[in-house]
Amino acid sequence: MSGKKDSFLVNRLKSVGWAFKGAWLLLRTEASIQIQFCVAIAVTIAGFYFDISKTEWLFQVAMIGLVMSIEGVNTTIEYIADFIHPEFHTSIGRIKDVAAGAVFIASIAAIIVAAIIYYPKLF
Ligand SMILES: Nc1ncnc2c1ncn2[C@@H]1O[C@H](COP(=O)(O)OP(=O)(O)OP(=O)(O)O)[C@@H](O)[C@H]1O
């Protein structure tokens, strides 16, 4: 909670700080996002190596952001599910499966974008 006396700007800066803390926590603790971060670095290096176009960079950066942000939401849903119902329940299973499915869909889209960008450059 932020103090009422803080100005709008100070409150916004505090929110950015907490969001940064959350992003750092995700990166430090979640194996899936660590793998996605490594892939993001690898394709960024590939982007420079193959000198991809501005449009290709736009799609690449957008897909990296999409996959990693949905992974963050998926992790949040897992945390909430485990907090409200730590025991086994078919509904919790379905909630987690659907959240994981969202990451899967974004990942497939990212793989297709990567194939469209790099396949002609490699073969
Ligand atoms: N409490 C539960 N009740 C029913 N099924 C569950 C429960 N917890 C997990 N599951 C099932 O196990 C799967 C994996 O859940 P888990 O929480 O381990 O996520 P995960 O994908 O392994 O995530 P991470 O790798 O980030 O830990 C879920 O998608 C769901 O099918």
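Values as computed for the structure displayed
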item: Between 0 and 90°, nearest 10: helix 54-84 axis offset from the chain longest Cα axis; result: 30 degrees
item: Cleavage-rule hits (GluC sites (Glu not before Pro)) in the stretch 1-108: DSSP loop, at most 11 neighbouring Cβ within 10 angstrom; result: Glu87
item: Mean accessible surface per residue for the chain, computed with a 1.4 Å probe while every protein chain stays in place, in Å²; result: 74 Å²
item: Percent accessible area from carbon and sulfur atoms, the chain, protein chains only, probe 1.4 Å; result: 74 percent
item: Estimated dipole of the stretch 31-122 in Debye, rounded to 20 [Cβ of Lys and Arg +1, of Asp and Glu -1, Cα centre]; result: 240 debye
item: The chain, relative contact order [Cα under 8 Å, separation at least 6], %; result: 25 percent
item: Sum of side-chain charges, Ala23 neighbourhood, beta-carbon under 13 Å (Lys, Arg +1; Asp, Glu -1); result: 0
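The values are calculated or read from the model by the stated rules, or taken from the named source; none is laboratory data. All values derive from a computational prediction rather than experimental measurement. Here Cβ is always computed from backbone atoms with ideal geometry, including for glycine, and neighbour counts include all displayed protein chains. Areas reflect the complete protein model, heavy atoms only, side chains present, ligands, DNA and RNA absent. Shrake-Rupley method; radii C 1.70, N 1.55, O 1.52, S 1.80 Å.
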